[in-house]
Amino acid sequence: MHPVIDVGDLDGALAQAADGLRRAKRVAALTGAGVSAESGLATFRGGGGLWEGRAVEVVATPEAFQRNPGLVWRFYNLRRAGLRSARPNAGHLALVDLEKRWGERFTLITQNVDGLHQAAGSGRVLELHGGLARVRCTGCKAVTQRAGEALPDLPSCDACGALLRPDVVWFHEMLPESVWRVACEAVEACDCFLVIGTSAVVYPAAGLIDMARALGACVIEVNLEPAAIAAGLIGLYGPSGQVLPRLIKRLDESAT
Ligand code: OAD
């Protein structure tokens, strides 16, 4: 059990986190919208958040899509357009670095649909909530890559002509089963679990944190403020694009 760290004591927390990481045979990380904030993408909750002033049900449910697919597509097309100029930041790159160090013993799990982990160079990314680069046919179910391409507000499938939808998970939908299973296995097996830039309120993804904690992993939160805080958790509070590179540096220092 790790003592709860003073939120202001970043140096002390970094030392503890580096120690926890260094001891870990297996590492897993869960990321949320905050890791992409420094790439210029809005988060969902909080100031300027994507859902602010707009009911989630209006845009991110199968019911909304059935009622008004054009509205839902306009929302997602705006987000797709925003991705064209977004570049990975130092936080994404630090996670690539961790993957290089731990190899197959490192698992990156993300709630993000922006593809920035892959753009940074992360080789294996478990996308719990799907990906905006892909579309899925509501008719023949074919999934195709349509990254960087402007789509109309009611795009149709080249193969069967049915309406396409974004290949993302909406509220009231199940997570992709095999992705979720592999994510659970990685969290069960890890000794150190990083929770980065997520408000940790959306389940089942947030349940991975409870799982890691219950199984005794060293849980490290990187966020602007405590979100997943509880006893036994190390908190690194600051922008992930700054904190994660500092953690890597600290890891190197503690290795010498
Ligand atoms: P949220 O918007 O709920 O939370 C973002 C978190 O990132 C907050 O806790 C912020 O404090 C933190 N944050 C902001 N900027 C940061 C920075 N530079 N460095 C570190 N942390 C920062 O986003 P998620 O937790 O990802 O689901 O949201 C979870 C799910 O809710 C999304 O995947 C989406 C949404 O509804 C679906 O669409 C199914």
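The values are calculated or read from the model by the stated rules, or taken from the named source; none is laboratory data. Everything numeric here is computed off the predicted structure, so don't read it as measured data. Here the Cβ is made from the backbone with ideal geometry for all residues, glycine too, and neighbour counts use every protein chain on show. Ligands, DNA and RNA are excluded from the accessible area calculation, which covers all protein heavy atoms including side chains. Shrake-Rupley method; radii C 1.70, N 1.55, O 1.52, S 1.80 Å.
Below is a table of values for the structure above.
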| quantity | calculated |
| --- | --- |
| Total charge dipole magnitude, the chain, about the Cα centre, Cβ charges on Lys, Arg, Asp, Glu only, Debye to nearest 20 | 580 debye |
| Ser156 accessible area, assembled protein chains, probe 1.4 Å, Å² | 60 Å² |
| Degrees separating the helix 90-102 axis from the principal Cα axis of the chain, which is the longest one | 70 degrees |
| Accessible surface ranking that places the most exposed of Asp167, Asp158, Asp11 first, with a 1.4 angstrom probe | Asp158, Asp11, Asp167 |
| Residue-wise HN-Hα coupling along the range 191-205, computed from phi with Karplus coefficients 6.51, -1.76, 1.60 (Hz; x: Gly, Pro) | 9, 9, 10, 9, 10, 10, x, 10, 6, 6, 10, 9, 9, x, 3 |
| Partner lysines for Lys25 [C-alpha distance under 26 Å; skip if fewer than 8 residues away on the same chain] | Lys100, Lys249 |
| Distant-in-sequence amide H partners of Ile220 (H built 1.01 Å from N, under 5 Å) | Phe193, Leu194, Val195, Ile234 |
| Volume per residue of the C-alpha convex hull in the range 86-193, rounded to whole Å³ | 123 Å³ |
| log10 of Debye I(q)/I(0), alpha-carbon scatterers only, for the chain at 0.12, 0.14 Å⁻¹ | -0.70, -0.92 |
| Principal-axis tilt of helix 10-23 within the chain, Cα atoms, nearest 10 degrees | 90 degrees |
